[in-house]
Amino acid sequence: MTAATHFSLGRALSVWLGQVLSLFGSSLTSFALGVWMYQTTGGVTRFALIMLCAALPGVLLGPVTGALVDRWPLRRVLLLSDLVAGLMTMTLALLLLTGQLRPWHAYITTAIVSMASAFQQPAFAVLVSTVVPPQHLGRANGFIQLGLACAQLGAPLASAALLAVVGLEGILLLDAGTFLLGVLPLFLLRIPERPTSTSVEGPPSLLSLVREGGAYLRGTPGLLALFLFLAGSNFITGVVEVLVTPLVLALADVKALGMLTTAGGVGLLVGSVVMSAWGGPRRQVHGVLLFQLTCGLSLVVVGFGTSLPLLAGVSFAFFFGIPIVNGASQSLLQRIVPIALRGRVFAFSSAITGMMLPLAYAISGPLADLVFEPALRPGGSLVPLFGTLIGTGAGRGIALMFLLAGTLTVLLTGLAALHRPLRVLDERPEGAPPIPTSSEGALP
């Protein structure tokens with residue numbers, strides 16, 4: 001490995017550490033703000049609206065933000081997105097300290113932070129692919145998954161403890177401090193730039209940039225198939241997130257739920273560590289399909305299992321595979337997508353997969369309450385078909401949903417493996433040029 005490679009990896013690690021600290025601070029605020037919202041309003045609907053404000057704007061803006069990321073300098077995009085998010089945190093802190101904070105303030109600031117994140121995520125993915133050599137992309141994305149896992153596991157516990165000591169005001173100020181740490185490497189380090197789309201008439205319009213990204217996806221059917229496969233997988237993960245709590249509480253108590261949640265968290269952490277050390281298989285598509293298959297088989301076992309130790313092992317296995325699937329798929333995108341198109345393609349990927357979670361959240365509860373649970377109670381319509389297989393009574397309808405979700409995951413994985421454009425996606429030359437558009441020639 002050359003000295004330049006070491007320098008690139010060091011720069012990437014510095015920016016990664018700053019972004020992880022910033023993400024951890026944001027996760028502290030997200031948890032504490034949710035607690036404040038519920039305690040202030042006493043309503044689950046208003047609490048859920050915070051989650052919607054955090055997810056929906058970024059999904060809707062994805063294609064546009066990706067085009068802007070490809071047009072603007074990376075340093076500018078990352079700095080502005082971090083500074084906007086930090087400014088919103090300081091605004092909340094000021095409103096809270098002056099006694100003027102209201103729920104609608106939280107909705108607006110959360111939505112703005114979501115918009116900033118829609119710029120930050122593809123920009124950071126492009127940055128990683130710019131400064132990290134292709135052979136180390138898997139490990140770099142493993143480090144990113146490790147940072148996400150640490151934030152997901154540690155932030156709720158830390159936020160709950162800090163609420164009792166410093167309150168929401170202290171957490172907001174701490175979050176603002178982490179934003180400063182996040183932007184510091186961006187000020188100090190030289191961020192390499194990429195070639196951007198230009199023409200003899202001048203910079204292309206925003207609409208033409210968005211269309212160019214769509215044309216590239218249409219011209220790369222394997223990549224589009226990968227996006228759709230990951231979207232389906234993300235939908236199933238959203239279903240699992242909604243249904244795991246009522247399933248476990250139908251079998252045991254809150255203590256057991258905590259044990260299973262901890263097992264899943266440990267699986268997520270271990271999977272992230274493995275991905276950061278291993279980097280995934282040489283054929284990243286194989287890693288995506290193999291570990292997604294593992295996740296599907298885990299869900300099938302949940303449908304049949306009632307033993308808590310067994311469910312804890314399944315929870316570990318399911319979440320162990322997620323960072324490897326995410327890291328391998330991100331590495332694949334970073335390696336094969338032309339650099340001038342990466343912001344748009346990464347943003348399209350985030351939008352397509354991100355919209356699945358709100359959809360899963362919206363339909364899982366009604367399906368469980370109105371369809372599957374009544375159907376597997378004594379005398380229910382599905383008892384003759386599934387009753388002897390998975391049992392009847394409280395929670396068995398949800399268990400059937402897990403069984404169906406796992407079976408669907410296995411089927412989707414099998415179809416994806418049989419789809420040749422996806423199966424050979426790893427064989428596409430690095431940075432292969434897109435199909436030229438009418439306004440521009442092929443990009444480098």
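Distance distribution P(r), the stretch 97-234, all Cα-Cα pairs, bin width 10 angstrom from 0: 8, 23, 34, 23, 11, 2, 0 percent. Protection proxy ranking for 379-391, 281-293, 406-418, using the average of other Cβ atoms within 10 Å per residue and placing the highest first: 281-293, 406-418, 379-391. Looking at the P(r) of the stretch 350-392, how many percent of alpha-carbon pairs lie beyond 13 Å? Tail fraction, whole percent: 60. Viscosity 1.306 mPa s, temperature 10 °C: what is the translational diffusion coefficient of the stretch 205-271 from Stokes-Einstein with a Kirkwood Rh over Cα pairs, rounded to a whole number of µm²/s? Roughly 104 µm²/s, to the nearest whole number.
Cα centroids of the stretch 260-313 and the stretch 364-413: how far apart, whole angstrom? If we compute the Cα centre of each part, the gap is 23 Å.
Tell me, rounded to the nearest percent, the portion of alpha carbon pairs in the chain spaced more than 44 Å apart. It works out to 13 percent of all Cα pairs.
Here the peptides 215-222, 94-101, 21-28 are ranked by packing, the mean other Cβ count within 10 Å, and the order with the highest first is 21-28, 215-222, 94-101.
Spin-label model, ARG76/ARG218: points 7 Å from Cα along the beta carbon direction are separated by 3.0 nm. Over the stretch 253-330, the fraction of Cα-Cα pairs per 10 Å bin, rounded to whole percents and listed from the shortest bin up, is 21, 46, 25, 7, 0. For the stretch 321-437, the extents of the C-alpha atoms along the principal axes are 61, 27, 27 Å, listed from largest to smallest. What a 1.4 Å probe finds exposed on the chain is 71% carbon and sulfur by accessible area, rounded to a whole percent. Placing a pseudo-label 7 Å from each Cα along the Cα-to-Cβ vector at LEU97 and GLU169 gives an inter-label distance of 0.8 nm. Treating r as the C-beta distance of LEU206 and ALA394 and R0 as 60 Å, the FRET efficiency rounds to 0.70. Over the stretch 103-181, the hull volume per residue, using the convex hull of the C-alpha atoms, is 109 Å³. Sorting 107-120, 341-354 by average packing, meaning the other beta carbons within 10 Å per residue, from highest down gives 341-354, 107-120.
Heavy-atom accessible surface of the stretch 272-368, averaged per residue, reaches 33 Å², computed with a 1.4 Å probe. Taking 0.36 nm per residue of separation and subtracting the current Cα-Cα distance, fully stretching the chain between HIS286 and THR40 would add 83.7 nm. Mean separation of Cα pairs under 8 Å and 6 or more residues apart, divided by the residue count, gives the stretch 69-176 a relative contact order of 40 percent.
Averaging the sequence gap over all C-alpha pairs within less than 8 Å and six or more residues apart, then dividing by the number of residues, gives the chain a relative contact order of 24 percent.
In whole angstrom, the stretch 302-369 maps to an equivalent ellipsoid with semi-axes of 32, 19, 6, each derived as √(5λ) from the alpha carbon gyration tensor and ordered largest first.
Grab the Cα-Cα distance for SER14 and VAL424, subtract it from 0.36 nm times how many residues apart they are, and report the gain in nm with one decimal.
Working: separation 410, 0.36 × 410 = 147.60 nm, distance 3.41 nm.
Extending this stretch completely gives an extra 144.2 nm.
For the stretch 320-399, relative contact order (Cα pairs under 8 Å, six or more residues apart, normalised by length) works out to 20 percent. If the segment from ARG377 to PHE187 were pulled out straight at 0.36 nm per residue, it would be longer than the present Cα-Cα gap by 62.3 nm.
The H on the amide N of VAL337, modeled in the peptide plane, is under 5 Å from the matching H of GLY431, each at least 5 residues off or on a different chain.
Principal axis extents of the C-alpha atoms in the stretch 331-372 (largest first, rounded to whole Å): 48, 15, 9.
The values are calculated or read from the model by the stated rules, or taken from the named source; none is laboratory data. Given the structure is predicted, the values throughout are model-derived calculations rather than measurements. Reconstructed Cβ throughout: ideal geometry from the backbone, glycine too, with neighbour counts over all protein chains shown. Calculation scope for accessible area: heavy atoms of the full protein, side chains included, ligands and nucleic acids excluded. Shrake-Rupley method; radii C 1.70, N 1.55, O 1.52, S 1.80 Å.
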